[in-house]
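A.B. asks: Could you have a look at this structure, given as structure tokens, before my questions?
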Amino acid sequence: MIAKKGLIMIGGCTLAVSAITAISFKQEEQKVNAPMITACQAHPGRTDGSGCHTCRTNCEKWGLSYGEYHCHNGGGSSSGSQATTPAYDAQDEQARIAEEARIAEQKRQEEEAKHQEELRLAEEKRIQEQKEYDQGYQEGFDYKWKNIHDDLSIEQLKEDQKSAKYQEGYEKGFAEAQKQLNEEKEKAYQFGYDQKKNDPNLSFQEPADQSENYKKAFRSGYDTAEKELTAFTQKVAKEHASHDGIHLDHLDENFPDGVIHATYTQAYQTAYQEAEADYFEKIANEARQNAQEKVWNQDQQSDPQSKQAISEKGKAKYQTQFAASVQEIEKN
């Protein structure tokens, strides 16, 4: 019996072949057994001198992990075998690099998609919050503008389960309306004040096409100016009347600047009459004093012992002396 062994390459896989030929010395029969082939997994990629290599392509298909180093003929070669592939294969390296690049690109795309989704969700949230803020701002502004003396508490908003952004917008709108109302109020007050101050004899006229807040402030400014002008007018009228009531016999009809004419006239007449009456009373008192002194002196000289007699005698004389004294004072 003769046995022969050898190695052959099929599709990049090293195969062990054994051929056995049995010859009977009697030559009665000759048997030739078919070649025996060692099983291996044939998949792409060349092997090194040991019949092994690293898997880079479709590894799972062959039951391997990516990058796993394995052999196709038991990790070595039989006697007489020869290495048929180089130790380093450029194609495998290119395939490895390409696969790593593919995996990296896939990861990058996944991360980019995740990032874009996060941006989309963030933008949707921003838009929704802005919408809630704008709604709260407008409603807060409108409420305060229409209800000047009424404040809706934020606690009430919380009870109504309004969102935080709505509450924030409401507060800002409410505050802005309050600010504008105050500015309008100050402006209207000054307009009303200046209008009356610049023209003291101007009658009040309510401004048309203005808010109630504006009209109320305008009237307040007008009234303040009118009170100041009235006080000034009465003071000036009294000063002038006090002088004229003593030195003149007629009413001064010349109006000073910056006075309310009707108020001045009324105050002047009252003060003039008071000054004139005071002056006449002063004249009368002086005349009485003079008459009494003259009568007393005369009677005392005639009868210094009797005050009663002086008093009785002086009655008739007093009237005469009083009238004379008044005439003399008025003449002077």
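A.B. asks: In the stretch 207-229, is there at least one residue being open to solvent by 50 Å² or more (accessible area, probe 1.4 Å), closer than 25 Å to Tyr268 by Cβ and touching a helix residue (DSSP H, G or I) at 6+ places or on another chain (Cβ under 6 Å)?
C.D. replies: yes
A.B. asks: If you go through the stretch 194-206, how many residues are in contact with an Asp or Glu (Cβ under 9 Å, 6 or more places away or on another chain) and either open to solvent by 40 Å² or more (accessible area, probe 1.4 Å) or among the aliphatic types (A, V, I, L, M) (or both)? Outline the logic, then answer.
C.D. replies: The first filter runs over the stretch 194-206 and keeps only residues in contact with an Asp or Glu (Cβ under 9 Å, 6 or more places away or on another chain), leaving 196-197, 200, 204.
Those left that are additionally either open to solvent by 40 Å² or more (accessible area, probe 1.4 Å) or among the aliphatic types (A, V, I, L, M) (or both): 197, 204.
So the count comes out to 2.
A.B. asks: Working only within the stretch 119-145, note down all residues that are under 14 Å from Tyr170 (Cβ atoms), basic (Lys, Arg) and either touching a Ser or Thr at 6+ places or on another chain (Cβ under 7 Å) or open to solvent by 80 Å² or more (accessible area, probe 1.4 Å) (or both).
C.D. replies: Lys131
The values are calculated or read from the model by the stated rules, or taken from the named source; none is laboratory data. Source: prediction; values computed, not measured. Here Cβ is always computed from backbone atoms with ideal geometry, including for glycine, and neighbour counts include all displayed protein chains. Just the protein is used for accessible areas: all its heavy atoms, side chains included, with ligands, DNA and RNA removed. Shrake-Rupley method; radii C 1.70, N 1.55, O 1.52, S 1.80 Å.
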